[in-house]
Amino acid sequence: MDKRSRTDPLTGLWNRHHFGEQLQRCLNEADRFGHPVSLVLVDIDHFKRVNDTWGHEAGDAVLKQLTRILHDGVRSVDVCVRYGGEEVAMLLAQTDSDHAVEVAERLRAKIASQPFSYGGAEIPVTASFGVATYPETVKVRDQLFPASDKALYIAKHEGRNRVRAKPATKGRTTS
């Protein structure tokens, strides 16, 4: 019963409630043991177009396929949650910024390279990623999510289907 209340019924990923608890746990461990924690936000590019073109059932199928790729692409100790509509958050414990960007880039490339299928149709899908790491690129715990969200916004603004990270030094972005 507890697990059902913490999971998203469509994707099977953890939900926002679970995310909040796990974020606090990861941040506490980062403070206690001195390990970094990275937050990767993922947003499906032009998801409304998928729903409008192929229908909401196709959109659900795309969301399920994409979240499976993301879930299978991280370690079992990492936390992958459906944060909202077509947005997924991944907490990567004991992962510095460079490694988090590598994970995000690998997942971005995998999503972009394979067509998603529904009802005999092949649906092209890409996703944008925003990465931030505490305490490496974000010094204040409460700024981890906003920093990752801002990096995601930059990826979207720069044309989508890319990874952007909160830089350690002002003015630098990571592809």
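The values are calculated or read from the model by the stated rules, or taken from the named source; none is laboratory data. Not measured: the values here are computed from a predicted model. Don't worry about glycine lacking a Cβ; one is built from the backbone with ideal geometry, like all the others, and counts go over all protein chains shown.
Determine, yes or no, whether Gly120 is at pLDDT below 95, closer than 16 Å to Phe19 by Cβ and surrounded by fewer than 20 Cβ atoms within 10 Å (Cβ to Cβ). Spelling it out, it is not the case that Gly120 is at pLDDT below 95, closer than 16 Å to Phe19 by Cβ and surrounded by fewer than 20 Cβ atoms within 10 Å (Cβ to Cβ).
For region 110-140, which positions are touching a residue at least 60 places away in the same chain (Cβ under 8 Å) and of a type in the set (Asp, Glu)?
So the first thing to find is which residues in region 110-140 are touching a residue at least 60 places away in the same chain (Cβ under 8 Å), and the list is 118-119, 121, 123, 125-136.
If the condition is that a residue be touching a residue at least 60 places away in the same chain (Cβ under 8 Å) and of a type in the set (Asp, Glu), then Glu136 is the only one that fits.
Pairing residues of region 45-56 that are in contact (Cβ under 8 Å) with a residue 40 or more places away in the chain and within 23 Å of Ala155 (Cβ to Cβ) with residues that are of a type in the set (A, V, I, L, M, F, W, C) and part of a helix (DSSP H, G or I), at Cβ distances under 7 Å and at least 6 apart in sequence or on separate chains, gives Val50/Ala58; Val50/Val62. Residues in region 54-113 that are of a type in the set (D, E, K, R), part of a helix (DSSP H, G or I) and crowded, with 19+ Cβ neighbours inside 10 Å: 1 in all.
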